[in-house]
Each structure stands twice: as C-alpha cells, then as structure tokens.
1. Among (1) in contact with a Ser or Thr (Cβ under 7 Å, 6 or more places away or on another chain); (2) surrounded by fewer than 24 Cβ atoms within 10 Å (Cβ to Cβ); (3) at pLDDT below 85, there is one condition B:V196 misses while meeting the rest; what is its number?
2. Which of the residues that make up the stretch A:118-137 are under 30 Å from the mean Cα position of the chain (by Cα), of a type outside the set (S, T, Y) and either closer than 15 Å to B:G101 by Cα or away from every other protein chain (no Cβ under 14 Å) (or both)?
3. Could you check the stretch B:80-114 and list, in sequence order, the residues that are on the phi > 0 side of the Ramachandran plot and either under 24 Å from the mean Cα position of the chain (by Cα) or away from chain A (no Cβ under 14 Å) (or both)?
4. Between residues in the stretch B:115-128 that are closer than 12 Å to B:R176 by Cα and more than 11 Å from every other protein chain (Cβ to nearest Cβ) and residues that are β-branched (V, I, T) and assigned to a strand (DSSP E or B), which pairs lie under 6 Å by C-beta distance while being six or more apart or on different chains?
5. Any residue at all in the stretch A:104-122 that's under 29 Å from A:Q176 (Cα atoms) and assigned to a helix (DSSP H, G or I)?
6. Just checking, which of A:A19, A:A15 is away from chain B (no Cβ under 14 Å), out of contact with any helix residue (DSSP H, G or I) (no Cβ under 8 Å at 6 or more places or on another chain) and of a type in the set (A, V, I, L, M, F, W, C)?
7. Count, please, the residues in the stretch A:56-79 that happen to be crowded, with 18+ Cβ neighbours inside 10 Å and charged (D, E, K, R).
8. For the stretch A:160-183, does any single residue satisfy the condition of being under 17 Å from the mean Cα position of the chain (by Cα), in a helix (DSSP H, G or I) and not hydroxyl-bearing (S, T, Y)?
Amino acid sequence: MGAMTWVLLAVGLLAVFWAVGAYNRLVRLKNAIANAFGQIDVQLKRRYDLIPNLVEVARKYLAHEAQTLEAVIAARNQARSAEQTAAGSPLNAGALGALAGAEQMLGGALGRLFAVAEAYPDLKADQTMRELSEELSSTENRIGFARQAYNDHVLEFNDAAAQFPTLIVARLFNFQTQAMLESTTSEAERAPVKVTF
Amino acid sequence: MLIFESQRAARGQTRKLLFAFALTVALLVLAVNAALALVWGLGWGLWSPMGGGLPRHFYAVNTGVTLLFVLGGWWLETSRLAGGGVALARQMGARELRPSGDFDEQRFGNIVHEMAIASGLKPPQAMVMARQSGINAFATGWDEDDAVIAVTQGALEHLTREELQGLVAHEFSHIREGDTRLNMRLIGMVFGLEMVFRFGQRIWDPDIRDRTTVAALLGLAIMAAGWLGWVAGHALQAAVSRQREYLADARAVQWTRSQDGLGGVLRKVLGTQTDAEEARQVGSPMQHLLLVSTEGDRVAHWLDSHPTLEQRIRRIYGRPMGPLPLARSDGEARPLATDTFAPAPATPARGPRGADWTLS
C-alpha cells in the first residue's frame, strides 16, 4: 500500500475516535439532565408528602374554610399524578409542560390557603404548623435551586449539541435539544411561593 | 469544570504557602541566632572586657532548637487536625445540630440542604456554637466529605431566614473554593511560627517569686526574634484569607440571588458591639476561619484576616449602607438572651475602624 492510503487510514481513524468521544460526551450531558430532573423530582415528592400533613393540622383551626383546604388537596393530587407521568419519561416536553401547569395550580391553591390563614392567629402560633411551614418553605427553595441546576444542565447540553462540529454527530444520532423549565424564565415566577408563618 | 479549576488553583496556592512558610522559618532561624549572639556578646563585653568567644556549637544549637519549636509545633497542631473538620469544630466549641424540637436549628439544617443544591456540593455537617451569642460562622474541613459549617447561637437567634441563607452561602463558597483546606494547613503553620515567641515570653516573664534573672535577657532576645515569626504567621493568614472573603461574599449573592441576605448579616454585625471576653474565646490561629474577625486592636491593616465590614457592605450593595438593628423582620424578634448586645443605637459610636468586628 502506498503512503497515501496510510494517511487516509490514519485520518479516518482519527475522525472515528473523535466521533466516539463526541457521542459519549453528548450522552453524558443528556444523562446529567435526567439526573437533574431526578433532583427536582425528589423535592416535588417531598412537597406532595408534606401538604396533606399541613392540611390536616390546618383543618383543626379552619373549620369554615373547607373549600380552600379541598382545593389544595385536589391541586396536590393532580400535580402528583403529573409528576408521576413526567418521572416516567423525564425528557418528554409534553409531560414536563403538564407538570409545570399542575405545579402552578398547586402554588396558587397554597397561596390562597396561607392568605386565609393570616386571619387565624391560633393556627399561626401552632408549633406543628410552624415546623411544617418551615419544611414547606425549605422545599420550595430546594425546588427553585434544583430547577436552576436543571436549566444549567439543559443549557450545557444544548450548547454542545448545537456547536460545530459536534453538531454533525448530534444530527447523525438524532440528539434533540431539550426545553428549559419555563416557569423560571421570569423573575417573578422564579420566586418561591411565599409561606408566611 | 469550574469547581476543578478552582481546586487546582487552591493546590497551586498551597505550594506558594509552603514556600512562604519555609522562607519565614529560615528568616526566623537567622533572627534568633543574630539576637542571641548580640545579647551574648553584650553580656560578655560587660562582664570581662577581654571578651570571650561564643560557646562551641552556639549556632548549631540555636538553629536546632528553633527548628524543633517551629516544626514540632507545626507537626503537633497538624496532627491534632488530622481528626478533620468535625474535630476542629468541636475544639472551637461547636456541637452537632439537633434539628428536632428546636425551630431555629431545624431551619438552619434546612438552609444547609438548600445551599447544597444551589452550589452543587454535598451537604456538609451542620454545627452550632451554642455558647456564642455574637453573630458569626465558620466553615472547615479537609475536603468536601469532611466539611463542616458552624454558626453561633446568636446567628440562629438574630438573623432572618434570608440572612441566614446568605451567611450559609458565604461559608459554602469557602468549601467549594478549597479555602477550608488551605486554612487547615495555615492553622498548623501559624501555631508553629508563634512557638518561638511564646518560648521567649516564658523565659522573660518573672518567675513565681517575682525575680528577674539574667536568663530573662536571653528571653527578651528570643521574644524579639520570635516576634518576626508571629507577624509573618499573621501576615500569611491575612494574605490568604482577605481576597477570598470578597469572592465568598460575591458567591453568596450569586447563589441566593439576594443582596439583603448576606448584606443584612454584615449590617447587623456592624450594629453590634462585641464583648471582648467572648472574642477571646476563639484562639488567634483560627481567626481566619470565621465569617467576621473577632480581633479588635490590630496593629496594621495588612495584618487583618478580613476586609472591614464597611468595605464588604459597600461591595455587596455598591454603596455604603448603615447598620441594622437585631430584630428579625419575620416578627420573630426576641428579647436578647444576654446583655452582651446592646440594641444598636441609631448612630452607633464607632472607632475609626468601625466596630470590633471586621467581617472577613
């Protein structure tokens, strides 16, 4: 074989090595997104577990506000089923959108509950209620920070998949750009639900 | 990624630190020899005008003893720190968090977990300095697995949730940037460098029967030479920690997305006067660990382990801001447990350098 053949062979091998490296990097970045969603998921579950306890404590003091309490429970159940669907296919844009909508409803229902609770000093003074509210505030914060991390990972993956020459590998193996979590696009929405106790 | 870069930078700094330490030790050995030779020479000159030479092995013994003190002190202190972050925090009077039953401690534990997510680190061990009523905090540990964040009881009681978050975020930055590891190394070095000074002080101090012996003169000479080591140790501490404080302040604002968190902490500290006794509870080799320095009467600015509170507040807000009273804006203001803190007057009387506290 001539020298030319050897050179071509070497160049071809280098290209293959590079492509394998680029492919692996894209896979790694994509897995990081799934992992970041897992982090949010853990916190969402924690919140779904907290809310029924909170409502039970509040029920003792808010006998006349049954409607508000039921709204919270209904929103919580809806958000939870959306979360279960999304957890099954974490990179599915539709499931994530449904989850975001359900979460927004839950946030609104909780906000109304805390607004109502303002008028009941006994409830605000309840030790268990205070501890549960603190747990809930903390969970809200954790969700916020985990969302931020999720979006950072999405950004990193999207950047990698859209840049030349990795773009070629991404197109070849059908890596699709991922959507960011929308509710963190505006400053106002990024703020956690105000829990005031 | 970024975290590895900053850890590499921290390792480079450790090498520089070791070099500076070696240089200081060499200078210290020279100084001790020169001082002792001078005193010896003067002594002989007064006693017998004929003059007597230095005893045999004079320099070898001086050098050996000095090295023994410095390196021995360094080794002793470092091996004491081998126990890791939790052991060191216990030495400084901190205990593990007891989140069940105490609302403030539950909240602190939660905040540590929140900031772990925000910073992408593992949650460190949260600890409380239960007997300290001032507002302060520190982070320590050899690495991420060994990391500890401790806050004072005063910080738990007087800070709002947002402020405590800013304070914890500041400490997280120290862990992430590898500052805590560097600081662990520094503690041993500063301790070793202070040994010669302390030894000289022992000899110089009059004995039980209040006699001053001839040896005291030698003690004075050793003290004078050892002072060089003391100053160098503190200068090392200061050089390492001052710039890192600004970085940690900036990180705290970035992670919490709020100026009022850490800003509020610094302003509250500005509004309090610390009790001198309490400030002494933290040994001087550990000063640079703290959120705010507790050493007041400093000789010079370049020995400060922390920039002044006013400078830090100005960097956070972009303009000077006044002190804050200690009340918790979440309606949780509580009576002060001790009278160490006078409620901040509207215009606190402050010295030229501000309060005794210099947020580092």
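The values are calculated or read from the model by the stated rules, or taken from the named source; none is laboratory data. Remember, it's a predicted structure, so these values are computed and weren't measured experimentally. Note: ideal-geometry Cβ built from the backbone for every residue, glycine included; neighbour counts use all protein chains shown.
1. (2)
2. A:M129, A:R130, A:E131, A:L132, A:E134, A:E135, listed by residue number.
3. As a first pass, look at the stretch B:80-114 and keep what is on the phi > 0 side of the Ramachandran plot: B:84, B:93, B:101.
The answer is B:G84, B:G93.
4. B:P124/B:V148; B:P124/B:I149
5. Pass one, the stretch A:104-122, residues under 29 Å from A:Q176 (Cα atoms): A:104.
Restricting the remaining residues to those that are assigned to a helix (DSSP H, G or I) gives A:104.
Checked against the condition, which is being under 29 Å from A:Q176 (Cα atoms) and assigned to a helix (DSSP H, G or I), the stretch A:104-122 yields at least one hit.
6. Numbers: A:A19 fails: out of contact with any helix residue (DSSP H, G or I) (no Cβ under 8 Å at 6 or more places or on another chain).
After applying the criteria, what remains is A:A15.
7. Within the stretch A:56-79, residues that are crowded, with 18+ Cβ neighbours inside 10 Å and charged (D, E, K, R) number 2.
8. Within the stretch A:160-183, one or more residues are under 17 Å from the mean Cα position of the chain (by Cα), in a helix (DSSP H, G or I) and not hydroxyl-bearing (S, T, Y).
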